[in-house]
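Colleague: Have a look at this one before I ask anything.
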Amino acid sequence: MPTARWNGAVIAHAADDQVQVVENNVYFPLSAVTQEYLRPSSHTSVCPWKGTASYYDLVVDGQTNANAAWYYPQPKDAAKQIAGHVAFWRGVSVER
């Protein structure tokens, strides 16, 4: 079962058949992410084939990991399988 951890906390945990792996990134369904750790960020980026990504900061035990989670609110058709999913980076450990 894929699990995302940061700063000693489990950020996300889902069954294998609930996640999507795209470009070696594990995208967890938003329902599998502990919402209390997410804070909206104003940061965005653009992928030519997935669309515009939005970001969350992770906040755990008073520590902030800026823009450590991203998602595509309206992914392009080629990436429609990641709609409603969140991926992590910037020191977040993701085990598969």
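The values are calculated or read from the model by the stated rules, or taken from the named source; none is laboratory data. What you see is a predicted model; the values in this text were computed from it and never measured. Glycine also receives a Cβ, built like all others from the backbone with ideal geometry; neighbour counts cover every protein chain displayed.
Colleague: What number of residues within the stretch 1-22 satisfy the criterion of being within 24 Å of Thr64 (Cα to Cα) and either buried (at least 16 other Cβ atoms within 10 Å of the Cβ) or aliphatic (A, V, I, L, M) (or both)?
Modeller: Qualifying residue count for the region: 12.
Colleague: Answer yes or no as to whether His13 is touching a strand residue (DSSP E or B) at 6+ places or on another chain (Cβ under 6 Å) and touching a residue at least 40 places away in the same chain (Cβ under 8 Å).
Modeller: When the stated conditions are applied, His13 does not pass them.
Colleague: Which ones in the stretch 39-57 are in contact (Cβ under 8 Å) with a residue 24 or more places away in the chain and under 10 Å from the mean Cα position of the chain (by Cα)?
Modeller: Hit for the stretch 39-57 is Tyr56, nothing else.
Quick grid of which residues meet (1) within 16 Å of Arg90 (Cβ to Cβ); (2) modelled with pLDDT under 95; (3) buried (at least 17 other Cβ atoms within 10 Å of the Cβ):
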position: Asn24; (1), (2), (3): yes, no, no
position: Ala32; (1), (2), (3): no, no, yes
position: Tyr37; (1), (2), (3): yes, no, yes
position: Ser45; (1), (2), (3): yes, no, no
position: Thr52; (1), (2), (3): no, no, no
position: Ala66; (1), (2), (3): yes, no, no
position: Tyr71; (1), (2), (3): yes, no, yes
position: Ala79; (1), (2), (3): no, no, yes
